Amino acid sequence: MSHPLSHLGVIHTALSLVPLVAGIYGFIRHRAIDPATRSGKVYLLGLVLSVVTSFTVSSTGGLNPGHAFGVVILLIAFGGVLVPRLGFLGRLRPYLATFALSFTFLLSLVPGTNETMTRLPPAHPLAQAPLAPVVQGTLLVWLVLFVIGFALQCWHIRAQLRGTGQLQRAG
């Protein structure tokens, strides 16, 4: 039987759904998580709140690798926000920024998938442990979708740069 969520766990879970929904909306509407859009801002705020509230819940009673993972996700996200301002990266800037923010979405799915599959349905969870084959298979599907999605994002960025003439000027 799965472990029930504490009140703080419920709050953390609800806040963790914010970047999930905002990220999916951003991918559909803007083809990326773009910090200049409302959905991008909501994604980043939700991501911060999700990681911060993760420190209030712990099955070990203290800091654990999951907390460090959350901090790494935040560092990558804010790197993605910073990259467009780094002129020395030239034409790579939009690709790196898109990669970083999309990668944070993928990384956020790891604990979300683990927690969901080891807790739901409550009476008989889909997986008994985070390393269960069903969890690993699901994470592999997320990885494949990420690779395909990022390739499509790169294609879209390149098309945009060609359309504005920036690709020819920068090359």
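Read-outs: derived from the displayed coordinates by stated rules, not from any lab. Everything quoted here is computed from the prediction, not taken from an experiment. Neighbour counts are summed over all protein chains in view; Cβ atoms, including those assigned to glycine, are modelled from backbone coordinates with ideal geometry.
Observations on the structure shown:
- One Cα centroid belongs to segment 119-170, the other to segment 32-70; the line between them spans 18 Å.
- Ser6 paired with Gln136, simple spin-label distance in nm, labels 7 Å along Cα-to-beta-carbon: 3.1
- Maximal additional length on extending the Ala151-Thr116 stretch stands at 9.8 nm, based on 0.36 nm per residue less the C-alpha distance.
- Unit charges at the beta carbon, dipole of segment 7-109: most positive-side option, Leu63, His7, Leu17: Leu17
- The long axis of helix 7-30 is offset from the longest Cα principal axis of the chain by roughly 30 degrees.
- Unit charges at the beta carbon, dipole of segment 27-171: most positive-side option, Pro130, Thr104, Val51: Thr104
- Remark: spin-label model distance Ser58-Ala14 equals 2.4 nm, labels positioned 7 Å along the Cα→Cβ axis.
- In a reduced charge model with +1 at each Lys and Arg Cβ and -1 at each Asp and Glu Cβ, the chain shows a dipole moment near 780 debye about its Cα centre.
- Each 5 Å bin from 0 upward holds the following percent of the Cα-Cα pairs of the chain: 1, 8, 15, 19, 19, 14, 10, 6, 4, 2, 1, 0, 0.
- Based on DSSP H segments of at least four residues, each scored -39500 (n - 2.57), the chain has a per-residue ellipticity at 222 nm of -25000 deg cm²/dmol.
- Cα-derived Rg over Rh, computed across segment 48-110 with Rh taken as Kirkwood radius: 1.10
- Distance histogram in 5 Å bins (all Cα pairs of segment 68-158, percent per bin): 3, 14, 18, 18, 16, 12, 8, 5, 3, 1, 0
- Per-pair calculated FRET efficiency, R0 = 30 Å: Ile76 and Leu126 via Cβ, rounded to 0.05: 0.60
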